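Visitor: Input: one structure, supplied below.
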Amino acid sequence: MEEIKEFLINFVEKESDVFSGFPVCPFAKKERIEKKIKFVETRFDHIDTKHVLGEVEDFLLNDYSTLLLISDKDVSIEQTRHFFRCIAALMEKKRVNIFLFHKDDNRSYGGIYTRRSPLPFIMVGYKNQIAKKKEKLLKTKYYDKLIQKEMFSLHPKRKKKWEKLKK
């Protein structure tokens, strides 16, 4: 779990030229410092359902903004995707966004692999909070260096609006 905290501090919270001098996630540091992130170590290969359900319930009932479900060991991206699908099914009606992080993830922005982490983990965050943060970033230079395809992958609704305007 310490590896993921170090990953947040040394990568996610660090300023990046790709994001116009902003950190990969400009909100992570504040959330970490204010203890709004719930860190949970668990198994991705043989899921301890009772443990995961208890931790998810604690996240939902308390004042966290983010849940990080961190694998207790390095597992394959396929096992991580399976765990991701289980969490997605569990959280289906909870108005959350869910993100997968793994050392083999290929998502790249400006050549930076933003979701490659030392250990696999699943991030859960509330949709309304994430949407507000994205809107704030749109008023900055955060996205200025991204190509259109990268921007639309981060903001799929903007792509739909842009395609309608083109017609």
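Visitor: Whenever you get a sec, compute what percent of the accessible area on the chain sits on carbon and sulfur atoms (1.4 Å probe).
Guide: Result for the chain: 51 percent of the exposed heavy-atom area is carbon or sulfur.
Visitor: Over the heavy atoms of V24, what accessible area does a 1.4 Å probe trace out, to the nearest 10 Å²?
Guide: Near enough 20 Å² of accessible area.
Visitor: Sum up the charges of everything whose Cβ sits under 14 Å from the Cβ of E3, counting Lys and Arg as +1 and Asp and Glu as -1, but leave E3 out.
Guide: Combined, the nearby Lys, Arg, Asp and Glu give -1.
Visitor: Compute the Rg to Rh ratio over the chain from the alpha carbon atoms, using the Kirkwood formula for Rh, and round to two decimal places.
Guide: Result: Rg/Rh = 0.97.
Visitor: If the chain between E78 and D63 were fully stretched, how many nm would it gain, using 0.36 nm times the residue separation less the Cα-Cα distance?
Guide: Details: separation 15, 0.36 × 15 = 5.40 nm, distance 3.15 nm.
Extra length from E78 to D63 when fully extended: 2.2 nm.
Visitor: Accessible area per residue, 1.4 Å probe, Å², for the chain: what's the number?
Guide: Per residue, the chain has 62 Å² of solvent-accessible surface.
Visitor: A further question on this structure: For the Cα atoms of the chain, what angle does the longest principal axis make with the long axis of helix 49-61, in degrees from 0 to 90, nearest 10?
Guide: 50
Visitor: Moving on to the next point. If you consider only alpha-carbon coordinates, what radius of gyration and Dmax does the stretch 95-146 have, in Å?
Guide: 12.8, 33
Visitor: Nearest 10 degrees, 0 to 90: what angle lies between the long axis of helix 77-90 and the longest principal axis of the chain (Cα atoms)?
Guide: The two axes meet at around 90 degrees.
The values are calculated or read from the model by the stated rules, or taken from the named source; none is laboratory data. What you are looking at is a predicted structure, and each value in this text was computed from that prediction instead of being measured. As a convention, Cβ positions derive from the backbone with ideal geometry for all residues, glycine included, and neighbour counts pool all protein chains shown. In case anyone asks, the SASA skips ligands and DNA or RNA and just uses the protein heavy atoms, side chains included. Shrake-Rupley method; radii C 1.70, N 1.55, O 1.52, S 1.80 Å.
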